[in-house]
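Student: This structure is in structure tokens; I'll ask about it shortly.
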Amino acid sequence: MVGVFYGLVLIELILLLFTPSRQQRVSIVFLVMLAIIFAYVPITVSDNWVYNWYYTHPEVPTKFEPVFNQFMQIATKVGLSYQQFKLVIFTIEMSCVAWGLNIFQVDNKRVVLLCYTAIQFFESGVQLRNYLMDTVVFVAIAYLWRDKRFDTMYFVMLVGLAAGIQLAAVFFLLLLPMRQLRTRNAQLWFIGVISVSTLLIAVPVTRHVYVLLVQAIATRLPVIGPKMLQYALRFEPGMIIILDVAMAVVLLLLFWRLEAIFKQADNQQLQSSIRLGQQMALLFYSMVPLYLVAYNFDRILIDGLLVVFAIFAQTLGQLTQRNKWILLAIMGLLVGTYSFATYHYGTKYHNTYAPMIHENTMFPDKTYVMKEGWR
């Protein structure tokens with residue numbers, strides 16, 4: 001199966017490079033391959049074991065968010081096996097991606113799916129709540145971009161639904177105030193405030209004040225307060241912060257450059273997309289202070305990159321042939337570097353990518369040997 005998967009990826013890349021943008025359609029064969037990899041992850045793998053255990057023991061109370069918990073209970077009552085349940089999740093996720101891309105009016109869907117496969121996909125089959133939430137938020141942000149009557153309400157409602165799947169969705173509500181950061185100066189001021197806040201949390205003297213403030217707030221929030229306090233007391237900045245800060249800054253610079261290129265263009269939709277790209281980069285940067293307490297806040301950036309991929313896909317169709325190749329090269333460099341770095345950080349490769357691609361329970365790679373100490 002490993003050879004078939006990489007062969008399909010190669011075919012998709014060739015089609016991406018040599019097919020006109022308006023003819024870029026998603027291959028059904030490639031989607032079926034992704035579905036098999038997604039659903040048939042070994043039960044012994046990290047979070048997949050947890051989800052499987054709760055799914056097969058519905059009588060045991062969980063700490064999962066209510067929407068996901070109810071969804072899981074319904075699937076159990078219907079009689080779906082755990083693998084069938086995951087196939088339903090995959091179908092919902094791909095449907096949400098297609099829904100969002102249609103709202104964004106993206107013709108080149110192939111480039112989005114390939115980027116998604118490189119960065120998000122190999123965690124999605126293990127971290128079920130996070131990536132189901134991610135695709136619902138993607139639809140929500142697509143409505144925010146469209147900006148017609150009631151679309152802001154749809155955005156808030158869909159983010160609320162996504163928060164019922166995983167609470168981290170609420171961070172994307174920050175896009176509402178960030179829409180006011182339209183000028184370069186306003187965005188630079190925002191970056192300055194976030195940078196100073198990060199330093200204040202990192203310096204021991206001012207960090208003590210920060211902990212006291214969190215304690216005061218946490219006592220008034222019985223549900224999420226204890227978790228907030230736990231993070232405040234734990235100071236564990238991961239090395240991934242370097243990569244994520246660099247990604248946020250590079251994306252902002254890239255969208256500033258695209259803004260200059262299309263400044264005179266009579267294309268309001270594309271200009272709205274570029275502004276949204278800037279806002280996404282600022283959202284990613286605003287997470288930097290939280291990285292000082294837990295590296296897994298990088299999920300916000302990873303989740304939000306799906307929106308960035310959609311904006312890049314929109315932009316490709318508006319560029320000259322030369323600039324199109326330049327943007328594809330930049331995308332390839334960013335996606336390739338980030339994918340390699342994140343999957344080889346800590347135990348991520350061995351807990352997600354390797355089991356999903358090599359130990360698939362439907363088509364296992366019999367030549368693959370898991371090294372001792374990887375799990």
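Student: Here is a check on your reading of the model: is ASN69 closer than 29 Å to LEU161 by Cα, in contact (Cβ under 8 Å) with a residue 40 or more places away in the chain and surrounded by 12 or more Cβ atoms within 10 Å (Cβ to Cβ)?
Tutor: Working: closer than 29 Å to LEU161 by Cα: yes; in contact (Cβ under 8 Å) with a residue 40 or more places away in the chain: no; surrounded by 12 or more Cβ atoms within 10 Å (Cβ to Cβ): yes.
Answer is no for this residue.
Student: Oh, and also: Quick one: would you say GLN318 is modelled with pLDDT under 85 and either farther than 20 Å from GLU123 by Cβ or of a type in the set (S, T, N, Q) (or both)?
Tutor: Working: modelled with pLDDT under 85: yes; either farther than 20 Å from GLU123 by Cβ or of a type in the set (S, T, N, Q) (or both): yes.
Yes; evaluated as a whole, the condition is true for this residue.
Student: Which numbered condition in (1) closer than 23 Å to GLN127 by Cα; (2) part of a helix (DSSP H, G or I) is the only one that THR44 fails?
Tutor: Against the list (1) closer than 23 Å to GLN127 by Cα; (2) part of a helix (DSSP H, G or I), THR44 comes up short only on (2).
Student: ARG25 is checked against (1) assigned to a helix (DSSP H, G or I); (2) surrounded by fewer than 17 Cβ atoms within 10 Å (Cβ to Cβ) and fails just one. What number does that condition carry?
Tutor: So the condition that ARG25 fails would be (1).
Student: While we're looking at this one, here's another question. Could you tell me which residue of the stretch 122-180 is surrounded by the fewest Cβ atoms within 10 Å (Cβ to Cβ), considering only residues that are aliphatic (A, V, I, L, M) and outside any helix (DSSP H, G or I)? Full working, then the answer.
Tutor: Here is the first cut: in the stretch 122-180, the ones aliphatic (A, V, I, L, M) are 126, 128, 132-133, 136-137, 139-142, 144, 153, 156-159, 161-163, 165, 167-170, 173-176, 178.
Remaining after also requiring outside any helix (DSSP H, G or I): 126, 165.
On the way: VAL126: 23, ILE165: 25.
Among those that are aliphatic (A, V, I, L, M) and outside any helix (DSSP H, G or I), it is VAL126.
Student: Also, I was wondering about something else. Could you check the stretch 126-161 and list, in sequence order, the residues that are free of Cβ contacts under 8 Å to residues at least 40 places away in the same chain and within 30 Å of ILE37 (Cβ to Cβ)?
Tutor: Passing the criteria: ALA140, LEU158, VAL159.
Student: Looking at this structure, is ASP266 part of a helix (DSSP H, G or I) and not polar (S, T, N, Q)?
Tutor: For ASP266, the condition - part of a helix (DSSP H, G or I) and not polar (S, T, N, Q) - is not met.
Student: Now for a different question. Does the stretch 196-218 contain at least one residue that is surrounded by 13 or more Cβ atoms within 10 Å (Cβ to Cβ), of a type in the set (D, E, K, R) and modelled with pLDDT under 85?
Tutor: Yes - at least one qualifying residue is present in the stretch 196-218.
Student: Give PHE363, PHE312, PHE340 a once-over and let me know the one that is crowded, with 20+ Cβ neighbours inside 10 Å, of a type outside the set (S, T, N, Q) and more than 16 Å from SER46 (Cβ to Cβ). It would help to see each step written out before you state the result.
Tutor: Working: PHE363 fails: crowded, with 20+ Cβ neighbours inside 10 Å; PHE340 fails: crowded, with 20+ Cβ neighbours inside 10 Å.
Result of the check over PHE363, PHE312, PHE340: PHE312.
Student: Now a separate question. Could you check, for the stretch 241-260, whether at least one of its residues is charged (D, E, K, R), free of Cβ contacts under 8 Å to residues at least 60 places away in the same chain and either in contact with a Cys (Cβ under 8 Å, 6 or more places away or on another chain) or closer than 16 Å to ILE119 by Cβ (or both)? Give the derivation first.
Tutor: As a first pass, look at the stretch 241-260 and keep what is charged (D, E, K, R): 244, 257, 259.
Remaining after also requiring free of Cβ contacts under 8 Å to residues at least 60 places away in the same chain: 244, 257, 259.
From what is left, the residues that are either in contact with a Cys (Cβ under 8 Å, 6 or more places away or on another chain) or closer than 16 Å to ILE119 by Cβ (or both) are 244.
Among the residues of the stretch 241-260, at least one is charged (D, E, K, R), free of Cβ contacts under 8 Å to residues at least 60 places away in the same chain and either in contact with a Cys (Cβ under 8 Å, 6 or more places away or on another chain) or closer than 16 Å to ILE119 by Cβ (or both), which makes the answer yes.
The values are calculated or read from the model by the stated rules, or taken from the named source; none is laboratory data. Model, not experiment: these values are computed from the prediction. All Cβ positions, even for glycine, are placed from backbone atoms using ideal geometry, and neighbour counts span all protein chains on display.
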